[in-house]
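Every number in this text was worked out from the coordinates using simple rules, so none of it is lab data. Quantities reported herein were computed from a predicted structural model and do not represent experimental measurements.
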Amino acid sequence: MASQDWIEKDFYAILGVAKDASEADIKKAYRKLARKYHPDTNQGDAAAEQKFKDISEAHSVLADKEQREQYDAIRAMGGGARFSAGGPGGAPGGQAGFEDIFSNLFGGGGSSRSRGGQPDFSDLFGGGGGFGGGGFGQSAPPRKGADRTANTTISFSGSIKGTTIGLREQNGEVIDVRIPAGIKDGQSVRVRGKGQPGAAGNGDLLVKVKVTEHPFFKREENNIRIHVPVTFDEAVLGAKIHVPTLDGETVAMKVPAGSNSGRTLRLKGRGVKTSKATGDLLIILDVVIPQNLSDAAKKAVEDFAAATEGEDPRVDLAAKAKL
């Protein structure tokens, strides 16, 4: 970021802190805003993504003592005296008011460190000179290193309960990555300071997570869908059955009398639990027809058929099928 950008951006206002805020106050404000605007909790929200970038940029500067001093100095220049042409109203000899601007920075009428009578701005701009061929603002302050990306695969159980994985670098270093409970397939986890090195600190590591499928539990957003078999008589007469849940427990639930195969029942709060919400457990009833009947069971079904003779579940089917 060029020094001109520092003049135009009020990092204190972005974090909502005073200009004399302590390091602790800056850190506290940043954490609060970062949680609110983090991309993982605001997917598809471009405004939140830009806000997160702005507060991250503000924190990276104000949390670093040296960069904060440079920022305050540059902002002071931007809000104080300006360079102006020599002649009437200007500084003698066309010096354009240099001493007015920099006297506050270097504690006097000029810098105690100078080269050939000109101030030495290397401390202010992190090396080099603050003035290039185009004048003020040619040197940029130190930047953070670039972010890196990685991919990992975790179990369905790990995605529900949360887990920690280790990613091994080529140099043998192992980076511990904490996967939060409730993470979805395709989401990414940010590991601070594990990106490329830079003059203003390391970038971050973004780890994209793939979640393996479970043979029984199927996730739909924060809801979990399962198929539970019920007998013919349980579906017809109603029953109390027990179904498994994500936490390993079984819970009792009532199957209403006259339930058809495919009917969905809902258990509130038994789905995926995240820091933001908790889903439900959706139970689809599958009526199971016995394949081998005893003589007594066959007779009971025949009696049932005789008792319900005349009832046709397909009576309206032809009308529905008309084009």
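Structure note, pairs 27/161; 65/208; 32/273; 27/273: Cα-Cα distances above 26 angstrom occur for 27/161; 65/208; 27/273.
What the Cα convex hull of the stretch 218-313 gives, in volume per residue, is 118 Å³.
Couplings for the stretch 223-239, taken from phi via the Karplus curve 6.51 cos²θ - 1.76 cosθ + 1.60 with θ = phi - 60°, read 8, 10, 10, 9, 9, 10, x, 10, 6, 4, 5, 5, 5, 6, 8, x, 6 Hz in order; Gly and Pro are left as x.
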